[in-house]
Structures are given as structure tokens and as C-alpha cells.
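I have placed the structure first, in the form of C-alpha cells, so that the comments after it can refer back to it.
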Amino acid sequence: MRNEILIGNSSNIDGQTDLELHNKNYKIIVENKIYAADQPQQLQRYWRKLNETTNIPANNKVLIYLTPTGKEPDKQSLGDEQQRVEVEKHLVLLSYRAHLSNIFHKIANELLHEKTAISLAEILLQYSGLVARL
């Protein structure tokens, strides 16, 4: 897992992903949008970065667009019509309110039963409540 990853070389920076998760079988890029506008062709550039990894099948490459409400990205962020079709095939819309809040809450409830993880559970419960209000 890596966060805040620059795309391109030092003389030609083509954006910065918020979070990358990968192993030998999957690669996921997360674009975390909280109160910020989409940049022109932003998700299209991130999709291009996903495709730089040639040893992972295309159906195991995912671009997650995470927002407070799960809203769709601006069309201009997806590139031209041909690029947009490719990006949208692998784009997953997630929301803090509907998805992450519930996930964190479920994990926290399981951790409450483990004595060594109670403080982590309390943090997750508080964070779950916070993202539910975004």
C-alpha cells in the first residue's frame, strides 16, 4: 500500500494518486474526493497508470472514486469518449456515508471482543460516526 503517489517523472508530473493498493494479482487506485473538484482527465490519467502494470489482468485492476455521497465523477475527468468507456468499465463509486461508515462499524464491533484491540475499535467507531456525517 502506498499513498500520495506521483504519476510521471520528475520533469513531467501527470497527477498524484491518493492511494494505491496492489499485490501480485490485483492493483487498485483510490481517488478520495472530499470537497474538491475533479481535474481535467484526472481519472483517465489514473487509469493509464493502472495499465502500466502488465502482469495483472485488466479485470483485476480497479479505480475507486471515493466521495462523501458516492457521486459520479465529472465527465471531463474521464477523458474523451473512447477513453471514458474504458475508464468506466473499471470504475467503482464508493461513499463514506453508505460504504465506509458501515465497514468501519462492523470491524469495530468485532474488535470490541478482543481485549488487545479495544482502543482500535473505539477509534473506528468514532471515525465511522464522523464519515457518516460527511
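The values are calculated or read from the model by the stated rules, or taken from the named source; none is laboratory data. Given the structure is predicted, the values throughout are model-derived calculations rather than measurements. Cβ sites come from the backbone with ideal geometry, for glycine too, and all protein chains shown count toward neighbours.
At least 1 residues being at pLDDT 85 or above is the threshold, and among the helices (runs of 4 or more DSSP H) wholly inside segment 33-131 those reaching it are 42-51, 81-89. Across segment 68-94, the qualifying residues are those that are touching a strand residue (DSSP E or B) at 6+ places or on another chain (Cβ under 6 Å) and within 19 Å of ILE28 (Cβ to Cβ), and the one among them that is surrounded by the fewest Cβ atoms within 10 Å (Cβ to Cβ) is VAL92. With hydroxyl-bearing (Ser, Thr, Tyr) and out of contact with any His (no Cβ under 8 Å at 6 or more places or on another chain) as the only criterion, which of THR69, THR53 stands out? Only one candidate qualifies: THR69.
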